[in-house]
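Novice: Sharing a structure with you now.
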Number of protein chains: 2
Amino acid sequence: MSSSVVTVVAPVNIAVIKYWGKRDEELILPLNDSVSATLDTSVMCAKTSVFASSNITCNEIWLNGKKESFSNKRLINCLDAIKSIAAKEKSVDDDFLSWNVRVCSVNNFPTAAGLASSAAGYACLVTALAKLYNLKSDVSCVARLGSGSACRSVYGGFVQWHAGTDPSGKDSVATQIAEASHWPEMRALILVVGDKAKKTSSTRGMNITAQTSELLKHRIQHCVPQRTTSIIQSIKERNFPKFAEITMKDSNQFHAVCMDSYPPFVYLTEVSHKIIEIIHKYNDLCGGIKVAYTFDAGPNACLYLLEEEVPKMISIIKHFFPSTTPDNLVTGLESTSELVSSDFLEKLAVTAETKKDLIKNVIYTKVGQGPTEVTDGSHLLDEHGLPLNNIE
Amino acid sequence: MSSSVVTVVAPVNIAVIKYWGKRDEELILPLNDSVSATLDTSVMCAKTSVFASSNITCNEIWLNGKKESFSNKRLINCLDAIKSIAAKEKSVDDDFLSWNVRVCSVNNFPTAAGLASSAAGYACLVTALAKLYNLKSDVSCVARLGSGSACRSVYGGFVQWHAGTDPSGKDSVATQIAEASHWPEMRALILVVGDKAKKTSSTRGMNITAQTSELLKHRIQHCVPQRTTSIIQSIKERNFPKFAEITMKDSNQFHAVCMDSYPPFVYLTEVSHKIIEIIHKYNDLCGGIKVAYTFDAGPNACLYLLEEEVPKMISIIKHFFPSTTPDNLVTGLESTSELVSSDFLEKLAVTAETKKDLIKNVIYTKVGQGPTEVTDGSHLLDEHGLPLNNIE
């Protein structure tokens, strides 16, 4: 006996109020609320097929074309939580519940690039399993068990992850602030920086910060609550300058508490700092905030900006960070680059880099929908639950 | 009518609890207490000669062999403050007070290297003027008017600058915590890093942080008072691990609030971060804290350590930061370098840099005395108050 194959695509999300620090390691409960935008799955996504059968002797998983062990605790926690909800909801019969599963998942972007791949991956897995087991409940708190920020990828548009207060984690869930269509002009440019910096993993970094940074306490108690309220208001009002200012300040503060940790660690490289400098000078020269940067636990920048600003920003990036293949630099949505006057470039007073390809790729994308089931039959597993060759 | 030439040498000081942010720009009143060690003038010092005469038509100053304008407001504030104390103390007659002055000052280390040259310079100027005008009062609060941290260079050993609360600044003065001889084994290694980073001046940086960083408030209200009490205790107890841990944490927190500023700015380069990594790994491998780093508003590190640790640390620096002229890398006090086993170096698990001379110079020094009058006649001005050629 077997299920059908269920396939889902799920988005990445980039936080504008950062999640950094857990109050419960096992349940992945955060110390503070966070806010993010979910990005269009047509540009970047995880895709996951799941399948259950009485004929499968043990749970199996293939990630990006490679068979991996199913012994990962977070993976097991997610599957167990889904089955436990299914049992409670009686959404499938006990037989079905006892079957093992096969999972096949791919990202359409480099996993190692530090682009929130685990958030998309776990949101995708959990949504696929929820469909497989026919669940009705919200599953953002199950996605959270895989990777904290994955709970935000369960919704499209602008999303808040509520830290919650319950020790069980039942109120540590994501909710949607606004649909993607609420602010249709919102765009994102992801600047993929060559990753030379030796990186402290998010899990380890968060632990060090939570245990040692005195400034983190102030951030959690005073800064984040205010900022969360303000940025939600800015999203509701579509007030870009306010949204952008809070986004930049919160990114900076996150990196500040990493530096305040003991031992300290850094994710930003000199290229990251140059991007920060360019954006501040650009906004100054424009006489108002037109572009925001935000950086996660790595050197890549995510720029939030409105559609009208994109052609100019692409030119500016190309000018200051020369590429050996400028025509292939930008991927994702259709883009143009607008000539920026040499006078404007001069006034920015930023030295153009002479070394090429410090920015390897610019991914142009927009705010998009949450996870969706694939209905065109393009599964990653065949009807026996074995990986197909045509995985993307 | 003329005075004699008075010549003073004064030390630099390197803070272990950092001064960052003013509550009064004009009077240079800080937002928080700070603590520093004063470094031996035999290695690094400012030297200043002063001279007053009825024959001088206007105040004149030569800095590092170059005539400069006396119109600098901070310079004028210092001279005015000294004269005003002299008038109050009636330490010289009114005639003498009406004369103009000539000042000649040199640093025996590069001014641009970001090595607290203004602290030594103003401490030197103010001490020399105080002797010229025969003052009895403490002059640390006059030195403060030249450059905040200069008030700490007025004393030797370990020094606290009390933020004070009086709007006039009269209680914003330095006091000695302990003489240099109290902890005779204390040493400092200053690692001079090639300064590529475009730097935000301290004055500008402090203003941005004071106006925009939310974390700075918490630092000032909660972190610094505790740390100041603890580090003073560690100095009195000669508890090196405690002294070192607070020193490193406070350096990191200072750089964290720079990052939390809007716009953010950074002083540490990738070389600085590599030094931080090496020190933490070294301490871990030693099973206890043997060396502390601290960084001011620039990429140079100051390592505090006990004398017995110096030969090993010099070897380690030479190993990880190869020099084209390793025999000339270390200047200052007499030093040896002790062979560190390749096993130990391997366990540090730090990649040695291939690029040479990322650290240009290591200045080996120790905690030393405050400003002292030069009595061997080696003045920088002749008996007419004109610069001599033999300025160092």
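Novice: Using the structure shown, decide if B:Cys258 is touching an Asp or Glu at 6+ places or on another chain (Cβ under 7 Å), within 12 Å of another protein chain (Cβ to nearest Cβ) and surrounded by 19 or more Cβ atoms within 10 Å (Cβ to Cβ).
Specialist: When the stated conditions are applied, B:Cys258 does not pass them.
Novice: Would you mind finding the one in B:Asn100, B:Asn134 that is on the phi > 0 side of the Ramachandran plot and touching a residue at least 12 places away in the same chain (Cβ under 8 Å)?
Specialist: Of B:Asn100, B:Asn134, the one residue that is on the phi > 0 side of the Ramachandran plot and touching a residue at least 12 places away in the same chain (Cβ under 8 Å) is B:Asn134.
Novice: Taking region B:160-176 only, how many residues are part of a strand (DSSP E or B) and either hydroxyl-bearing (Ser, Thr, Tyr) or farther than 11 Å from B:Asp33 by Cβ (or both)?
Specialist: 2
Novice: B:Ser153 versus (1) of a type outside the set (Asp, Glu); (2) closer than 17 Å to B:Asp40 by Cβ; (3) part of a strand (DSSP E or B); (4) not assigned by TED's automatic domain parsing to the domain that holds B:Phe320: which is the lone unmet condition?
Specialist: Against the list (1) of a type outside the set (Asp, Glu); (2) closer than 17 Å to B:Asp40 by Cβ; (3) part of a strand (DSSP E or B); (4) not assigned by TED's automatic domain parsing to the domain that holds B:Phe320, B:Ser153 comes up short only on (3).
Novice: Can I ask one more? Consider B:Ser251 carefully, then state whether it is of a type in the set (Ser, Thr, Tyr), in a helix (DSSP H, G or I), within 11 Å of chain A (Cβ to nearest Cβ) and buried (at least 22 other Cβ atoms within 10 Å of the Cβ).
Specialist: yes
Novice: Filter region B:81-97 down to the residues that are touching a helix residue (DSSP H, G or I) at 6+ places or on another chain (Cβ under 9 Å) and free of Cβ contacts under 8 Å to residues at least 40 places away in the same chain and list them by number.
Specialist: B:Ala87, B:Asp94, B:Leu97, listed by residue number.
Novice: Also, quick follow-up: Given the criteria within 20 Å of A:Ala52 (Cβ to Cβ), assigned by TED's automatic domain parsing to the domain that holds A:Val43 and either within 17 Å of the chain's Cα centre (by Cα) or surrounded by fewer than 19 Cβ atoms within 10 Å (Cβ to Cβ) (or both), does A:Lys131 qualify?
Specialist: In short, yes.
Each row is one residue, and each column tells you yes or no for (1) exposed (fewer than 11 other Cβ atoms within 10 Å of the Cβ); (2) of a type outside the set (Gly, Ala, Ser).
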{"residue": "A:Phe321", "(1), (2)": "no, yes"}
{"residue": "A:Glu334", "(1), (2)": "yes, yes"}
{"residue": "A:Ser337", "(1), (2)": "no, no"}
{"residue": "A:Ser342", "(1), (2)": "yes, no"}
{"residue": "A:Thr354", "(1), (2)": "yes, yes"}
{"residue": "A:Tyr364", "(1), (2)": "no, yes"}
{"residue": "A:Pro371", "(1), (2)": "no, yes"}
{"residue": "A:Asp382", "(1), (2)": "no, yes"}
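Novice: If you check B:Ser49 against the conditions, is it part of a strand (DSSP E or B) and hydroxyl-bearing (Ser, Thr, Tyr)?
Specialist: yes
Novice: Given the criteria closer than 30 Å to B:Val350 by Cα, of a type outside the set (Phe, Trp, Tyr) and in a loop (DSSP other than H, G, I, E, B), does A:Thr200 qualify?
Specialist: Against the criterion (closer than 30 Å to B:Val350 by Cα, of a type outside the set (Phe, Trp, Tyr) and in a loop (DSSP other than H, G, I, E, B)), A:Thr200 qualifies.
Novice: Identify the residue in region B:189-235 that is more than 22 Å from B:Met259 (Cα to Cα) and either among the hydrophobic types (A, V, I, L, M, F, W, C) or within 12 Å of another protein chain (Cβ to nearest Cβ) (or both) and, among all such residues, is surrounded by the fewest Cβ atoms within 10 Å (Cβ to Cβ).
Specialist: Here is the first cut: in region B:189-235, the ones more than 22 Å from B:Met259 (Cα to Cα) are B:189-192, B:226, B:228-235.
Now restrict to residues that are either among the hydrophobic types (A, V, I, L, M, F, W, C) or within 12 Å of another protein chain (Cβ to nearest Cβ) (or both): B:189-192, B:226, B:231-232, B:235.
On the way: B:Leu189: 24, B:Ile190: 25, B:Leu191: 23, B:Val192: 21, B:Gln226: 11, B:Ile231: 25, B:Ile232: 19, B:Ile235: 23.
Step by step, filter region B:189-235, then rank; the result is B:Gln226.
Novice: Continuing with the same structure: Would you mind stating whether B:Leu268 is assigned to a loop (DSSP other than H, G, I, E, B), within 12 Å of chain A (Cβ to nearest Cβ) and either at pLDDT below 95 or in contact with a strand residue (DSSP E or B) (Cβ under 7 Å, 6 or more places away or on another chain) (or both)?
Specialist: Answer is yes for this residue.
Novice: Residue under question is B:Ser172, and the condition is that it be in the same structural domain as B:Ile28 (by TED's automatic domain parsing), crowded, with 24+ Cβ neighbours inside 10 Å and more than 15 Å from B:Asp24 (Cβ to Cβ); does it hold? Write out each step before concluding.
Specialist: Working: in the same structural domain as B:Ile28 (by TED's automatic domain parsing): yes; crowded, with 24+ Cβ neighbours inside 10 Å: yes; more than 15 Å from B:Asp24 (Cβ to Cβ): no.
So B:Ser172 does not fit the description; no.
Novice: While we're looking at this one, here's another question. Any chance region B:278-300 includes a residue that's more than 11 Å from chain A (Cβ to nearest Cβ), of a type in the set (D, E, K, R) and within 30 Å of B:Glu26 (Cβ to Cβ)?
Specialist: yes
Novice: Moving on to the next point. Exactly one condition in (1) surrounded by fewer than 24 Cβ atoms within 10 Å (Cβ to Cβ); (2) away from chain B (no Cβ under 11 Å); (3) not in a loop (DSSP other than H, G, I, E, B) is false for A:Phe243; which is it?
Specialist: (1)
Novice: Looking at region B:138-155, can you tell me whether even one residue there is at positive phi and touching a residue at least 40 places away in the same chain (Cβ under 8 Å)? Explain how you work it out, then say what you get.
Specialist: Let us first name the residues in region B:138-155 that are at positive phi, namely none.
No, there is no match, as no residue in region B:138-155 is at positive phi and touching a residue at least 40 places away in the same chain (Cβ under 8 Å).
The values are calculated or read from the model by the stated rules, or taken from the named source; none is laboratory data. Computed from a predicted model, the values in this text were never measured in an experiment. No Cβ is skipped: glycine too gets one built from the backbone with ideal geometry, and neighbour counts run over all protein chains shown.
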